[in-house]
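Engineer: Quick one: this structure, given as structure tokens, is what I'll be asking you about.
The values are calculated or read from the model by the stated rules, or taken from the named source; none is laboratory data. Computed from a predicted model, the values in this text were never measured in an experiment. Cβ sites come from the backbone with ideal geometry, for glycine too, and all protein chains shown count toward neighbours. Side chains are part of the model used for accessible areas, which takes the heavy atoms of the whole protein and leaves out ligands, DNA and RNA. Shrake-Rupley method; radii C 1.70, N 1.55, O 1.52, S 1.80 Å.
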Amino acid sequence: HPLGAYVEVPYPPPAALAETVPPEPARSDVVWIDGEWVSHGSEFVWRRGGWFVPPANSQFAVWRTWYRRDGRLMMAPGTWYDAKHERVRAPEPVAPATTPSNQLTSESQTGR
């Protein structure tokens, strides 16, 4: 991630939520991307993973955190980048992950 992709967050994200991986689609151009917590101000919102067709000439950078020397926590969400390290619009999943039936989770669940 370029340094400009990092934003300050008040605390680390919660542990990852469990997701059920759907069968891999019958095509050769898909990749699996895990779900992740995304910072929305003072809260984290879960973004489901899934099977994706990568945008042309792009690569996915997984989310990262790091502490600055002054103690601030910085976070960059999982992002698709092109060959020039420019952000690329995220594709829609071909087959999204699902939440196991024994868990009450949703796309809008927040972690505190």
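Engineer: Just give me the residues in region 55-76 being open to solvent by 60 Å² or more (accessible area, probe 1.4 Å) and either among the aliphatic types (A, V, I, L, M) or not in a strand (DSSP E or B) (or both), in sequence order.
Structural biologist: Matches in region 55-76: Ala56, Asn57, Val62, Trp63, Arg68, Arg69, Asp70, Arg72.
Engineer: Here's another thing I want to ask about it. When region 23-54 is examined, which residues are found to be open to solvent by 30 Å² or more (accessible area, probe 1.4 Å) and in a loop (DSSP other than H, G, I, E, B)?
Structural biologist: Pro23, Glu24, Ala26, Arg27, Ser28, Asp29, Asp34, Gly41, Ser42, Arg48, Val53, Pro54, listed by residue number.
Engineer: Counting only residues that are in a loop (DSSP other than H, G, I, E, B) and not hydroxyl-bearing (Ser, Thr, Tyr), which one in region 1-11 is nearest to Thr99 (Cα to Cα)?
Structural biologist: Filtering region 1-11 for residues that are in a loop (DSSP other than H, G, I, E, B) and not hydroxyl-bearing (Ser, Thr, Tyr), the one nearest to Thr99 (Cα to Cα) comes out as Pro10.
Engineer: Is it the case, given these coordinates, that Pro14 is modelled with pLDDT of 95 or more and either of a type in the set (D, E, K, R) or part of a loop (DSSP other than H, G, I, E, B) (or both)?
Structural biologist: Judged against the criteria, Pro14 is not a match.
Engineer: Right, here's the next one. Looking only at region 1-50, count every residue that is touching a residue at least 60 places away in the same chain (Cβ under 8 Å), over 22 Å from Pro91 (Cβ atoms) and among the hydrophobic types (A, V, I, L, M, F, W, C) and tell me the total.
Structural biologist: Number satisfying all stated conditions: 4.
Engineer: Further question on the same structure: Please give the number of the condition Thr79 fails out of (1) in contact with a Gly (Cβ under 6 Å, 6 or more places away or on another chain); (2) crowded, with 17+ Cβ neighbours inside 10 Å; (3) of a type in the set (Val, Ile, Thr).
Structural biologist: (1)
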